[in-house]
Amino acid sequence: MQKKLIVMLKYPQPGAVKTRLIPALGADRACTLYRSLVRQTLAVVDDFAREENVAIELRVAGAPDDFTARQWLGEKRVIHPQGEGDLGKRMLRALEDAFFEGTEATVIIGADCPELAKRHLVSAFAALQENELTLGPAADGGYYLIGLRRPLPALFHGICWGGADVLAQTLVAAGKAGVGYQLLDLLHDLDRAEDLPSWANTGAALGAGRGGVSVIIPTLDEDERLSATLAAVQHGKPHEVIVVDGGSVDRTVEIARAHDAIVLAASPGRAGQMNCGAAAATGEFLLFLHADTILPADYLALVCTTLARAGVAGGAFEFSISGEFAGRQLIERGTNWRARFWQTPYGDQGIFVRRETFVRVGGFPDLPIMEDYEFVRRLRRLGRIALAPAVALTSSRRWQRLGALRTTLLNHLIVLGYRIGVSPARLAKWYYCPRGLRPGAITGNKIPAISVSSHR
């Protein structure tokens, strides 16, 4: 059987590729990601072609000319322009050309599926030995692969390309045409911000992040303090900065984008927001940071060296509070003593772990309060929690709002209640009520579930 594999590509120009990712990544980063996806896809294709008798053809849209396309993809590639029309017309044109040339089985893929592997291409051509049509269903309702033994124009007309029903509409059209088909494995395309975890788990992404630190910051209406936090973070040049916003109505998202952060959206609740950021992170090390905490200048080196110590499962920075108020130094000393000797740092000290360790402990527990306390307890089962020899400076706003003594007593009460089995939901009500908040507001869009940090 004469076989051909066609890869549909777009020329990588910022603002023209992965446009639905631009709100999260920015145009330049989205374009860079697309280039990485293309490299990974072509590596899979080349690996497949080395073992199979199959012709490879690249169809490119948006390239200024053939020379520019070849500079990007390589001189030895078979490259043709996609031509005009919507995606259906362009794919049908490529299929008709292939069958006109004598191909007996043709498979078309894009470069949008980071989970695509050689076995999926093997399965696609194997399915075409007994079926006229094979499709690789994507989790977003489309398909990442289509294979045919003859042109079937009905499969490419009247389809709402880019919608959530592309696969369903195609199957309906196949049924009306009396065409038998076989479905392959369900995979995830990478088109939206919520698809980023499928990329983060690929070898290419993890390789790019090896040795790097991903800084993850959950936010909700933090425009007063976020700019200073991000400036300090970006000064250290981390692998990436991920801001996970819980529905801010102020300038938080705008500020995050202005500081070149990846911006994701999640339901309000610090545990869920941090887990969301971790799922999309590609760095070898994960640093979870509060939006009102300033990291030390050498934090990158300290994260790596601290976690390189034998027997260390996680770490945090020494604790310090900005501003002056009665009892500040006593609180700082007590917090650092607890973190060092009891190995129980809280979230406002910038907790950091290896990515693989974070996955191993199951991430932050889905709790409305005390998620950092419980996360550290789980980490301690794997090894020591070390304190890096530098200060993370956190805002004094909560100490000054409630008072140092009341804040300290309340924090101890919440920890004691958690340890004796009081439900986190009840603890959250105790925690917020002294601050003049309605208990029912804890689950609303304006008040996120937060950890009991020593500065609150």
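A short reminder: the numbers here are calculations on the coordinates, not readings from a lab. From a predicted model like this one, the values you see are computed outputs, not experimental measurements. Cβ sites come from the backbone with ideal geometry, for glycine too, and all protein chains shown count toward neighbours.
Over all other residues within a Cβ to Cβ distance under 15 Å of Ala55, the charged ones net out to -1, with Lys and Arg as +1 and Asp and Glu as -1. Semi-axes of the equivalent ellipsoid for region 144-234, computed as √(5λ) from the eigenvalues of its C-alpha gyration tensor and ordered from largest down, come to 44, 18, 9 Å.
The local environment of Cys304, defined by Cβ-Cβ distances under 15 Å, has a net charge of +2 under the rule Lys, Arg +1 and Asp, Glu -1. Note on region 102-159: along the principal axes its Cα atoms extend 30, 29, 18 Å, ordered by decreasing extent. With helices as the sole contributors, the chain gives -11500 deg cm²/dmol at 222 nm; each DSSP H run of n ≥ 4 counts as -39500 (n - 2.57), and the sum is divided by every residue. Entry note, the chain: relative contact order of 12 percent, from Cα contacts under 8 Å with a spacing of 6+ residues. A simple rule links phi to the HN-Hα coupling: the Karplus curve 6.51 cos²θ - 1.76 cosθ + 1.60 with θ = phi - 60°, which for region 147-156 gives x, 9, 9, 7, x, 10, x, 4, 7, 10 Hz, with x for Gly and Pro.
Using a cut-off of 30 Å between Cα atoms, the listed pairs Lys18/Lys118; Lys89/Lys118; Lys10/Lys176; Lys18/Lys176; Lys118/Lys237; Lys237/Lys429 include Lys10/Lys176; Lys18/Lys176; Lys118/Lys237; Lys237/Lys429 as exceeding that distance.
At 1.002 mPa s and 20 °C, plugging the Kirkwood radius over alpha-carbon pairs of region 273-352 into Stokes-Einstein gives what diffusion coefficient in µm²/s? It diffuses with D of about 154 µm²/s by this estimate. With the simple model of a label 7 Å out from the Cα in the direction of the Cβ, Lys89 to Arg384 spans 6.8 nm.
Expressed per residue, the C-alpha convex hull volume of region 3-183 stands at 115 Å³. Axis of helix 270-280 versus longest Cα principal axis of the chain: the two differ by about 40°, to the nearest ten degrees. The residues packed around Arg381, meaning those with a beta-carbon under 13 Å from its beta-carbon, carry a net charge of +4 if Lys and Arg are +1 and Asp and Glu are -1. Residue ranges 1-9, 42-50, 198-206 sort as 1-9, 198-206, 42-50 when ordered by packing (mean number of other C-beta atoms within 10 Å per residue, highest first). Built from the Cα atoms of the chain, the convex hull projects on average onto 24.6 nm², one quarter of its surface area. Length available on full extension from Gln234 to Val172: 0.36 nm per residue minus the Cα-Cα distance, which gives 17.3 nm.
Relative to the Cα centre, the charge distribution of the chain, modelled as +1 at Lys and Arg Cβ and -1 at Asp and Glu Cβ, gives a dipole magnitude of about 1920 debye.
Calculated from the alpha-carbon coordinates, region 45-94 shows an Rg and a Dmax of 12.3, 34 Å respectively.
Geometric descriptor of region 210-395, per residue, is 108 Å³ (volume of the convex hull of the Cα atoms).
Of all beta bridges DSSP finds with both residues in the chain, what is the antiparallel percent, to the nearest 5? So the antiparallel bridges amount to about 30 percent of the total.
In terms of its Cα atoms, region 186-312 spans 44, 42, 24 Å along the principal axes, sorted from long to short. Less than 5 angstrom separates the built amide H of His188 from those of Glu115, Ala139, all sequence-distant by 5 or more or on a different chain.
Amide H contacts for Tyr144 (H built 1.01 Å from N in the peptide plane; partners 5 or more residues away or on another chain; cut-off under 5 Å): Gly136, Ala138.
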